[in-house]
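Shown next, in structure tokens, is the structure this report addresses.
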Amino acid sequence: MKIWEFAKVEGSSIKLDGWMSDTMGLVDGGIVYSTLFKHPAGGPKDYEIILSMFPQENYRTLTHITMYLDDVPGSSAQASKFLASREINILNSISLNGISDTVIVWKLMADLNFAGEGDILREEFETLKAKNDPSVSKIERIDIKPAEIGRLFKGASTTGGKEEILRGYPSEIKDGIFQVSEQYGDFLGDIDGQNVLITMDADAWILSITFFKKDTKLVKVGLEMPDCPGGIEQALEVIAGWNVNLISVFSKVKICYETMYLELVMDIGKSDLSASEIRDSLPGCVKGLNGVYTVKEFTELK
């Protein structure tokens with residue numbers, strides 16, 4: 001699953017892609033909490049904004065709960081009651097029928113009363129289940145683990161990690177747009193027309209908006225190539241000597257064991273070759289590889 005998209009800033013507005021905002025639960029009129037980070041001097045990234053539906057002060061008690069329920073009427077209601085009776089607040093969640101149609105898998109982001117309560121919750125469930133208590137008769141299993149969203153704020157404590165600059169105030173999403181200048185204009189300056197990388201973390205229900213340094217030059221390359229062991233390695237070896245920095249790699253099978261599509265986005269800002277030189281030489285370079293490699297796309301992200 002591809003979990004990122006590139007977008008362009010218009011003025012100081014960033015339009016969030018529809019499928020991504022829908023997946024992450026970012027709806028018009030919804031409130032998001034944001035934090036600005038600064039990346040180290042090395043590398044193509046400059047600033048990064050993390051968007052979350054949850055206040056930063058709640059991160060320690062946010063928990064992933066996965067409930068496996070019998071696919072029968074009333075199972076979801078019973079699961080909800082089990083959590084509600086313990087004053088556990090269900091936040092974002094999604095449920096689906098298992099492939100076999102015998103179980104419902106309900107994945108939740110929940111806010112516990114205190115950090116570590118997950119172990120108590122699990123023990124209570126297992127005790128009730130062992131006694132065949134009717135209050136959990138339709139719940140087969142519960143998996144619990146901390147969300148650990150707070151890891152995002154530990155970057156400055158590691159060598160080369162990003163540094164937290166500012167926590168913004170709650171802001172509203174309007175027409176799928178996040179306004180940057182209202183909170184971070186003093187740090188980011190004029191960002192009109194800049195390319196940004198928008199990445200989602202589906203487990204943590206957060207979005208990352210990454211701004212690149214001024215000397216970054218992004219190009220997008222699409223190759224049709226053999227679907228075989230070592231195929232991607234050959235393609236990456238071609239560009240390894242050009243002093244380019246790969247921003248994203250995305251591959252997908254077209255015909256299994258026969259043809260695949262490889263999409264690369266790379267920063268050529270420090271390469272000795274210009275974008276036009278790379279574009280002109282790439283078809284000839286891949287032509288000599290083992291198998292049929294065809295350049296389908298070469299786009300400068302200006």
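The values are calculated or read from the model by the stated rules, or taken from the named source; none is laboratory data. Predicted model only: the values in this text are computed from it and were never measured. Here the Cβ positions follow ideal geometry from the backbone for every residue, glycine too, while neighbour counts run over all protein chains shown. Side chains included, ligands, DNA and RNA excluded: accessible areas come from the protein's heavy atoms. Shrake-Rupley method; radii C 1.70, N 1.55, O 1.52, S 1.80 Å.
Tabulated data
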{"quantity": "Cα-projected label distance for K213 with S93, points at 7 Å along beta-carbon direction, nm", "calculated": "4.6 nm"}
{"quantity": "Efficiency of FRET from Cβ geometry, C285 and C256, R₀ 35 Å, rounded to 0.05", "calculated": "0.85"}
{"quantity": "Residues D28 and E277, FRET efficiency given R0 of 41 Å [Cβ-Cβ distance, rounded to 0.05]", "calculated": "0.40"}
{"quantity": "Distance (nanometres) between label positions extended 7 Å along Cα→Cβ at D201 and R141", "calculated": "2.5 nm"}
{"quantity": "Cα gyration tensor category, rounded, prolate or oblate, for segment 115-268 with a/c compared to 1.5", "calculated": "oblate"}
{"quantity": "Rounded if a/c under 1.5, otherwise prolate or oblate - segment 1-160, Cα gyration tensor axes", "calculated": "prolate"}
{"quantity": "Residue-normalised accessible area of segment 4-75, given per residue in Å² at a 1.4 Å probe", "calculated": "41 Å²"}
{"quantity": "Cα centroid of segment 1-76 to Cα centroid of segment 258-302, whole Å", "calculated": "31 Å"}
{"quantity": "Sequence-separation-based contact order of segment 31-121, relative, with Cα cut under 8 Å and 6+ spacing, percent", "calculated": "28 percent"}
{"quantity": "Value of relative contact order over the chain, rounded to a whole percent, pairs C-alpha under 8 Å and six or more apart", "calculated": "24 percent"}
{"quantity": "Rg/Rh for segment 191-249, where both radii come from Cα atoms and Rh is the Kirkwood radius", "calculated": "1.05"}
{"quantity": "Rounded if a/c under 1.5, otherwise prolate or oblate - the chain, Cα gyration tensor axes", "calculated": "oblate"}
{"quantity": "Relative contact order for segment 164-214, counting Cα pairs under 8 Å that sit 6 or more residues apart, in percent", "calculated": "23 percent"}
{"quantity": "Accessible surface of the chain [probe 1.4 Å, protein heavy atoms]: carbon and sulfur percent", "calculated": "51 percent"}
{"quantity": "Cα→Cβ-extended label distance, 7 Å offset, between T299 and L236, nm", "calculated": "2.3 nm"}
{"quantity": "Computed E for K2/K131 - FRET, C-beta separation, R0 45 angstrom, nearest 0.05", "calculated": "0.45"}
{"quantity": "Members of K38/K287; K45/K174; K8/K162; K15/K162; K81/K174 lying beyond 29 Å, as alpha-carbon distances in this model show", "calculated": "K38/K287; K81/K174"}
{"quantity": "Among S13, S274, S208: highest mean-square fluctuation, GNM of the chain, C-alpha pairs under 10 Å", "calculated": "S274"}
{"quantity": "Those aspartates and glutamates that a straight Cα-Cα span of less than 15 Å connects to K138, excepting residues fewer than 8 apart in one chain", "calculated": "D70, D71, D101, E126"}
{"quantity": "Within a Gaussian network of the chain (alpha carbon springs, distance under 10 Å), most fluctuating of A275, A115, A77", "calculated": "A77"}
{"quantity": "0 to 90° range, to nearest 10: angle between helix 275-287 axis and the chain longest Cα axis", "calculated": "80 degrees"}
{"quantity": "Rounded tilt (10° steps) of 75-84 against the dominant C-alpha axis of the chain", "calculated": "80 degrees"}
